[in-house]
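See structure below.
Each value in this text was obtained by applying a stated rule to the coordinates, not by laboratory testing. Only a predicted model underlies this, so the values are computations on that prediction, with no experimental measurement involved. Neighbour counts are summed over all protein chains in view; Cβ atoms, including those assigned to glycine, are modelled from backbone coordinates with ideal geometry.
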């Protein structure tokens, strides 16, 4: 959204307010970086705001506003544009999605629900934010399917679950199981792919007790696994023998180690 050619005015910083509907919580690391940058070269980009009566609400630039407050600045350059509540929410959301910036999925879904209560259709919302209908439906489903506890943790920023994690977990009908899976994802820092495997019934790797005491688990590139004739869930041992890497594949049925390949290093 290009608003740099519009008239730029200066407003007192005390007249500027953070967004009433927060989709992207303040990131202290980003604010700190902006504080250093703005303190060094100044504020290069004006904030986009709307007049809400006695003050001005920030549409784009909340992190910059916080950085400028830390620097003790008194006036900031802004572009003032007329937005309704709905337009302000959708504009802020579309900008963040376009930049691939983190957006709280529960807050996002709550915003869609609010719009639909005002008469917006799923298709109209999708068109305004540049997303398909299924994207909006999947977000809305989080409000209906996820447990209240998981939703609250995500809203308050106390969860490491991404939107994709949340969508997959919401497909689990048993709410007790939802809680267990969410806890496991957070504890083990599981990827979305690993979570998909769990929901599909693929068991997590378990540690095998062997004569080696420091075993590790790591993903193996598909072409490498195919060359070694490894299947999902296989256990292998890697060790050096001179200048060669020796790969031994554990044959679980026979309880024996079978040497698969030696490679020069």
Exercise for the section: Set the Förster radius R0 to 30 Å, insert the Cβ-Cβ distance between residue 114 and residue 36 as r into 1/(1 + (r/R0)^6), and round the FRET efficiency to 0.05. Expected result: 0.25
Fill in the blank from the handout: Taking the alpha-carbon centre of each part, the distance from region 58-130 to region 158-196 in Å is 27
Exercise for the section: Could you pull out which residues in region 13-34 have an amide N less than 19 Å from a spot 7 Å beyond the Cα of residue 143, following the Cα-Cβ vector? Expected result: 20-25
Practice task
Once you have the Cα-Cα distance between residue 132 and residue 14, take 0.36 nm times their residue separation minus that, and quote the gain in nm to one decimal.
Solution key: 38.6 nm
Completion exercise
Of all DSSP beta bridges having both residues in region 9-90, the percent classed as antiparallel (nearest 5) is 60
Problem - Using a Förster distance of 35 Å, the FRET efficiency for residue 85-residue 197 (Cβ separation, nearest 0.05) - result: 0.25
Fill in the blank from the handout: Distance in nm between residue 124 and residue 175 label points, each 7 Å along Cα→Cβ, equals 3.2
Practice task
Figure the gain on full extension for residue 226 and residue 75 (residue separation times 0.36 nm, minus the Cα-Cα span) and round it to one decimal in nm.
Solution key: 48.1 nm
